[in-house]
Amino acid sequence: TNNLIYFSGFNGVFGVYNRTSNTTEDLRGADTGNWIGTNVIYSVTFNPTNKLIYLAGATGVFGTYNRTSNTTEDLNLPNDWVRYNNINDLTYDSNNKLIYFSGNSGVFGSYNRSSNVKEDLRGTDTGDYIGTNQIYGTVYDSNNNLIYLTGQNAVFSVYNRTSNSSENLNATDFGNWI
């Protein structure tokens, strides 16, 4: 957004690279509540609807960064179902205005900014083929309104929001290379 590239890493590293000025800026000071602290931030994604950067990482780090106010917001509750699991990846669903997240122990869910609710989507895995495997990646397919998941032990699946179900796609791997 506006020639800005947000990046993250170990020890709470969070910053932005400005392509126009060819400079980086340390954004760790925006974490005034210290909810990120020294945790690893595994993923960032941009929500153009709200103009917010979403952050996710180790031990359930999940929140937003607001560039206008230069502040972060912790979106976890004390007994949140995601709170103590690593969140490995985020993706923005532009059709439904949702943030999808995936992580360790089969964590898979969505976050709705309007209602401030995280929806647990682990139950959509009716064959329990994901189980407690780590999910490393989520990708939004805007043409078909689907979310693809990849993970540990050859997890490869697709989530359909309309039917609220996940389908195991491992049968498409005819060469058994996944």
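The table for this structure:
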{"read-out": "Selected residue [modelled with pLDDT of 95 or more and open to solvent by 20 Å² or more (accessible area, probe 1.4 Å)] from 32, 1, 23", "value": "23"}
{"read-out": "Every pair of residues 6+ apart whose Cβ atoms lie under 6 Å, when the first sits in the stretch 109-138 and is closer than 15 Å to residue 80 by Cβ while the second is open to solvent by 30 Å² or more (accessible area, probe 1.4 Å) and of a type in the set (A, V, I, L, M, F, W, C)", "value": "120/81"}
{"read-out": "Tally of residues being outside any strand (DSSP E or B) and either touching a Phe, Trp or Tyr at 6+ places or on another chain (Cβ under 8 Å) or open to solvent by less than 40 Å² (accessible area, probe 1.4 Å) (or both) across the stretch 4-20", "value": "3"}
{"read-out": "Qualifying residue in the stretch 152-163 (condition: in a loop (DSSP other than H, G, I, E, B), among the hydroxyl-bearing types (Ser, Thr, Tyr) and free of Cβ contacts under 8 Å to residues at least 24 places away in the same chain)", "value": "yes"}
{"read-out": "Looking only at the stretch 65-91, and only at residues there that are closer than 16 Å to residue 14 by Cβ and in contact with a Phe, Trp or Tyr (Cβ under 6 Å, 6 or more places away or on another chain), the one that is most open to solvent (accessible area, probe 1.4 Å)", "value": "74"}
{"read-out": "Residue match in the stretch 130-153 (condition: touching a strand residue (DSSP E or B) at 6+ places or on another chain (Cβ under 6 Å) and open to solvent by 80 Å² or more (accessible area, probe 1.4 Å))", "value": "yes"}
{"read-out": "Sole residue being at positive phi, open to solvent by 60 Å² or more (accessible area, probe 1.4 Å) and of a type in the set (S, T, N, Q), chosen from 116, 95", "value": "116"}
{"read-out": "Matching residues in the stretch 1-46 - criterion: being over 20 Å from residue 102 (Cα atoms) and of a type in the set (Gly, Ala, Ser)", "value": "15, 21, 29, 30, 33, 37"}
{"read-out": "Residue, modelled with the lowest pLDDT, within the stretch 119-178, restricted to residues that are within 23 Å of residue 96 (Cβ to Cβ) and of a type in the set (Asp, Glu)", "value": "125"}
{"read-out": "Check on residue 105, out of contact with any helix residue (DSSP H, G or I) (no Cβ under 7 Å at 6 or more places or on another chain) and closer than 19 Å to residue 51 by Cβ", "value": "no"}
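The values are calculated or read from the model by the stated rules, or taken from the named source; none is laboratory data. Since the structure is predicted, the reported quantities are computational estimates derived from the model, not experimental observations. Note: ideal-geometry Cβ built from the backbone for every residue, glycine included; neighbour counts use all protein chains shown. Side chains included, ligands, DNA and RNA excluded: accessible areas come from the protein's heavy atoms. Shrake-Rupley method; radii C 1.70, N 1.55, O 1.52, S 1.80 Å.
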